[in-house]
Structures are given as structure tokens and as C-alpha cells.
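Colleague: Have a look at the structure that comes next, please.
The values are calculated or read from the model by the stated rules, or taken from the named source; none is laboratory data. Computed from a predicted structure; not experimentally measured. Glycine gets a Cβ as well: all are built from the backbone with ideal geometry, and neighbour counts include every protein chain shown. When the accessible area is computed, the model is the full protein with side chains, heavy atoms only, and any ligands, DNA or RNA have been set aside. Shrake-Rupley method; radii C 1.70, N 1.55, O 1.52, S 1.80 Å.
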Amino acid sequence: MLGLIDCNNFFVSCERVFSPSLRRRPVVVLSNNDGCIVAMSNEAKTIGLKRGMPYYQIKTFCERNNVAVLSGNHRLYGDMSSRVMATLASIVPEIEIYSIDEAFISMEGLKYDELAPLGREIVRRVLRDTGIPASLGLASTKTLAKVAARFAKKYSGYRGCCIIPDDNARRKALELTYIGDVWGIGRKLNKKFVNVGIETALQFADMPRTNVERMLNVTGLRAWRELNGEPCITFDMTESGKRQMCCSRSFGTMITDFDQLRQAVSLFATILSRKLREQHSVAVSMSVFIHTNAFREDMAQYYNSAHRCFPEATSDTMDMTAMAAECLKSVYRKGYSYKKAGVIIPEIVSENAVRRSLFTDAQIRVRRNRLMDVLDRINSTSISHDTVHVAAYAPVDGLVRGEHRSHLYTTKLDDIITVK
């Protein structure tokens, strides 16, 4: 048996842990620069709010309906996610983190009558240790576990844990599952299914294999096999590290100055270099892009990007910030107001698979690796990720609109809750 633990309304739940006044109240969390809704509470869904709605269009509606509006606080959410995953790792032998609010867990070796008690205990422990409510789906495949988790979240009678133990339960669950809600079925594929009269997951699962192979690609066939109880996506098939990375941001105030843009892309490169070292990977190349505000037709428009390969694949912060500045310099044009910038690492390899350059001093490489290790150890034991950082960047938070952002309760010393 495999399990999928899914945190309920994760961003909202993180905010409610530290602000109990938000409980039982409609809450929405906004995207960068308070653009649109990216997460909401069940109460917000009930009154008609939907993900993707632009905030400026619903601002008056939110005020009339006492909706709590919050800017995205992703440093808080990331730290709370780490706590949830640490709790799971202390209970089960194997855990595979799928996203910021989801993780697959192994329940192999347990008898059927042991699954429900342990599943509910896992959900209870996550709530007790982190304050985050969660739902758990258990089934023979990852895709079916996803289906079960949706039922656990939707129906309170499951008490947080839904199990699909046999074929009868599988067919019943799939009959009640919309095809567009199946893991691996995207918008285009969903539209294709609806056009041919397939609206439920069971109708898809009951299709002859020859029809599936003719109609879908490898990913679609894998979803079909998983829905029919055949495990195709196992723990050892999913790579622990990312193959690509991107760090970008839209600015609340448009930037014209090169130095401010350089500080921004240097910060993005710093974040990516830290993430690379965390997964023991290195970047082969880097791309930097900048663009103006396409919605401001009254202003001159410009978009450009630059791509460079590193002489030797690296995760060194100083190498990556220097490359980011070099890329930016090649595409920056004076006279434009820039709305967004970003750094992309399009090709990532393991640090053990690096082809060393003949022109790099081995002793310098060893010293720089040691320096990065010391930097990471200092920052990992500090209350902030950037206690020690390169001088090339400065925080760009002041350039990002976040009028409704909560405090960094768990990562900033000044924001720790004061108990009276």
C-alpha cells in the first residue's frame, strides 16, 4: 500500500496556525504583487471565490463579506512544509516529497486492519506537531492514492484517512471522480476526453488498452495502468532532485536602473545556488530574462533573455551571481521600465558527474567548495537563509507589493510571537 498525505488548504492553514482569528472565516492568499487568488479557505469557496480571480476585481466583494486577504508569504509556507515532512519522516520508514504540501509515504508490510488506525494517527500527529490539518489517501498505486486523498479531504466521515482496499472500492471511487481530477490528465487531455464522451475516471479506466495507446502518450498510458491497480510510478522511479530550476519575480514598482536589476538577479542566482547544493547538484548553464509590463500599452515594450554555459558546472554562489550579472548586462537596455526578471537553470546534473575543466585550479575549487559549505552551515543554523551572503545582491522585497503579508513567524527573530 502507498499513501498520499495532502495538507488541507495549505497556505491558508499556515496563516491560521499563527492567527487563530482567521479560523472559520473566509480567507484568500494572493500571488506575487497581490495579483490574483492562489489559495483560499473552504469558507471563501462557499461564497463563490475561485482560484485565479484578479484581486482588483473582487476587492469590494471581499470587504463586504469580511474576507481576510493575505499576501503570499512563501518563506513561512516553506518552513512549515519542512516541519510537516519532518513529522512524517519520524513516523513512516519511507517518504517521498512530491510538492510543498504533498508527500507519498510507504505503508508496505501492514495488514489491512492496521492501515486505518495508523493513517488516522499520522493525520493526528501532523496536526498536533505542526497545526496543519491534512488528509491521507491509501491505495495500491500513487494515482489511486491521489484519488483516495481527495475523498478524505472532501468527506469528513473518513476522519482524515480514505482507503481503496479492493477492486469494488476502486471502481466506486473512480465512478465518482471527474476525469479532469485524475493525476496526469491536463487541460488539453481533459478536453479531448470530454469531446469523446468520457467524463469519469472509471470510463477512462475501462477503455481498451489498444484505444488508450492509440489516443494517448506514455504519461496517459501510465495513468490508465495506475487507475487499473497496476503500480507504474514507484518510489525508486522518482528522482529526488530537480532537472530544471527557475527563480523569478514581478516587481511591485517598475525598475529602470541597471544596478537594481543586477541586485535582483543576483538574489535569484543566490537562491538557486543554495537549492542546487541542497540536492547535491550543479548547473551546466544559466539563462536570465527581463521584460517590461505587457499590460501597459502606453509604455515602450521590451523583452529579452541571455543564455551562457559555465566553463565548469557549478553550484558556487559567486560563480552564479557573476554569470547572472554578465547575462543581464548583455540584454539590459536603458530607457525601459522593467516589470519582471528571472534566472533559469535549464540543465542540472549531479555534482558527481561534473566534467572538470583543465583550466580550473583544483586547489581553488577545493577552497571555494569549503567556503560554500561553511556559508550553508552558518545560514542553516541561523534564523535567516541570508545571514551571510555575497555583496552582489540586496533584498528586493521593497520592490514587491505585499500590502497584506503576515509576519515571518518561524524564520525571523523579530517576528516571533510574543506570549502575554
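Colleague: In a helix (DSSP H, G or I), open to solvent by 50 Å² or more (accessible area, probe 1.4 Å) and in contact with a helix residue (DSSP H, G or I) (Cβ under 7 Å, 6 or more places away or on another chain): does that describe Arg83? First the steps, then the outcome.
Modeller: On the way: in a helix (DSSP H, G or I): yes; open to solvent by 50 Å² or more (accessible area, probe 1.4 Å): yes; in contact with a helix residue (DSSP H, G or I) (Cβ under 7 Å, 6 or more places away or on another chain): yes.
In short, yes.
Colleague: Let me ask another. Here is a list: Gln263, Gln244, Gln203. Which entry is out of contact with any strand residue (DSSP E or B) (no Cβ under 6 Å at 6 or more places or on another chain), closer than 24 Å to Leu328 by Cα, polar (S, T, N, Q) and at pLDDT 90 or above?
Modeller: On the way: Gln244 fails: at pLDDT 90 or above; Gln203 fails: closer than 24 Å to Leu328 by Cα.
Of Gln263, Gln244, Gln203, the one residue that is out of contact with any strand residue (DSSP E or B) (no Cβ under 6 Å at 6 or more places or on another chain), closer than 24 Å to Leu328 by Cα, polar (S, T, N, Q) and at pLDDT 90 or above is Gln263.
Colleague: Now for a different question. Consider only pairs whose beta carbons are under 6 Å apart and that are at least six residues apart or on different chains; among these, list those whose first residue lies in region 159-175 and is free of Cβ contacts under 8 Å to residues at least 40 places away in the same chain and whose second residue is surrounded by 22 or more Cβ atoms within 10 Å (Cβ to Cβ) and part of a strand (DSSP E or B).
Modeller: From residues that are free of Cβ contacts under 8 Å to residues at least 40 places away in the same chain, the pairs are Cys162/Gly137; Ile164/Ala139.
The rows are residues; the columns are (1) under 17 Å from the mean Cα position of the chain (by Cα); (2) surrounded by 14 or more Cβ atoms within 10 Å (Cβ to Cβ); (3) farther than 25 Å from Glu278 by Cβ.
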{"position": "Arg24", "(1), (2), (3)": "no, no, yes"}
{"position": "Asn32", "(1), (2), (3)": "yes, yes, no"}
{"position": "Lys45", "(1), (2), (3)": "no, yes, yes"}
{"position": "Glu63", "(1), (2), (3)": "no, no, yes"}
{"position": "Asp79", "(1), (2), (3)": "yes, yes, no"}
{"position": "Ala89", "(1), (2), (3)": "no, yes, no"}
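The rows are residues; the columns are (1) of a type outside the set (Ser, Thr, Tyr); (2) touching a residue at least 60 places away in the same chain (Cβ under 8 Å); (3) over 30 Å from Tyr338 (Cα atoms); (4) in contact with an Asp or Glu (Cβ under 8 Å, 6 or more places away or on another chain).
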| residue | (1), (2), (3), (4) |
| --- | --- |
| Tyr178 | no, no, yes, yes |
| Asn217 | yes, no, yes, no |
| Ser250 | no, yes, no, no |
| Thr253 | no, yes, no, no |
| Thr256 | no, yes, no, no |
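Colleague: Report yes if some residue within region 97-115 is in a strand (DSSP E or B), open to solvent by less than 80 Å² (accessible area, probe 1.4 Å) and charged (D, E, K, R); otherwise report no. Full working, then the answer.
Modeller: Pass one, region 97-115, residues in a strand (DSSP E or B): 97-99, 102-106.
In the following step, the residues that additionally are open to solvent by less than 80 Å² (accessible area, probe 1.4 Å) were identified as 99, 102-106.
Then keep just the ones that are charged (D, E, K, R); that gives 102.
Looking for residues that are in a strand (DSSP E or B), open to solvent by less than 80 Å² (accessible area, probe 1.4 Å) and charged (D, E, K, R), one finds at least one in region 97-115, hence yes.
Colleague: To continue, here is another question. Among (1) surrounded by fewer than 20 Cβ atoms within 10 Å (Cβ to Cβ); (2) touching a helix residue (DSSP H, G or I) at 6+ places or on another chain (Cβ under 7 Å), where does Ser41 come up short?
Modeller: Failed condition: (1).
Colleague: Being open to solvent by 20 Å² or more (accessible area, probe 1.4 Å) and either closer than 21 Å to Arg365 by Cβ or acidic (Asp, Glu) (or both) is the filter here; which residues of region 283-309 pass it?
Modeller: Once the filter is applied, which keeps residues that are open to solvent by 20 Å² or more (accessible area, probe 1.4 Å) and either closer than 21 Å to Arg365 by Cβ or acidic (Asp, Glu) (or both), region 283-309 yields Val284, Glu297, Asp298, Arg308, Cys309.
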